[in-house]
Each structure stands twice: as C-alpha cells, then as structure tokens.
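Step one of this worksheet: look at the structure below.
The values are calculated or read from the model by the stated rules, or taken from the named source; none is laboratory data. Keep in mind it's a predicted model, so treat the numbers as computed, not measured. As a convention, Cβ positions derive from the backbone with ideal geometry for all residues, glycine included, and neighbour counts pool all protein chains shown.
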C-alpha cells in the first residue's frame, strides 16, 4: 500500500512544478546490478511506468546472460560502469544512479 501512496506522491510533486520547467522531465534511473534486487526494481519500473521515473541504464557483468525481453528496448544495457557514471555527471543529461546490493549471494 505504501508503494501506491509513494507513486501518487511523486506524481503530485511532479505536477506541482511550474509549467515549462525542465524539472518536469522524469528522473532517469541507472541500475548497477541486475540480480534479485535490481531485476525486481526494473520490473516495478517497467510494469508501473511512473511518469516521474524512467529506467535508462542497466549495468551488469555478463549482460548477454542477464538481458530480458520485458525491459523496454530504449534502456541501455552495459558492462561499462564508467560510461554510466560519466553520463550521470553531465548537467544537461543527468542520470540518478541507484546501486542495488542484495545479500551478496548473487553472481560474483
């Protein structure tokens, strides 16, 4: 239930921003890790399609083994963490990086 309230709250905050403001663009999310936790977050973002959040990058080792069909085709899959981090530092095209770490039982 709190997830729904949180999503509604994000939408309300987004719609409260002045029209024409560049802040109305969704926050772009890069996931570092696509194990149990990362794939669950990606699934939630992909299924719920919140207006204020957009999954843009997934970093993981062995991307070819992890890639799944349900992730939107415009999401960039990469094994290059530095490229994602460099992209995240750009002011005009900012990506909010979310690093997910499970209990350490996943792939090395």
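Scanning region 47-64 for residues that are under 22 Å from residue 25 (Cα atoms) and surrounded by fewer than 15 Cβ atoms within 10 Å (Cβ to Cβ) yields a total of 4.
From the list 14, 22, the one residue that fits, being more than 10 Å from the chain's Cα centre (by Cα), modelled with pLDDT under 90 and surrounded by 16 or more Cβ atoms within 10 Å (Cβ to Cβ), is 14. Within region 65-108, the set of residues being surrounded by 12 or more Cβ atoms within 10 Å (Cβ to Cβ), in a helix (DSSP H, G or I) and at pLDDT 90 or above comprises just one member, 66.
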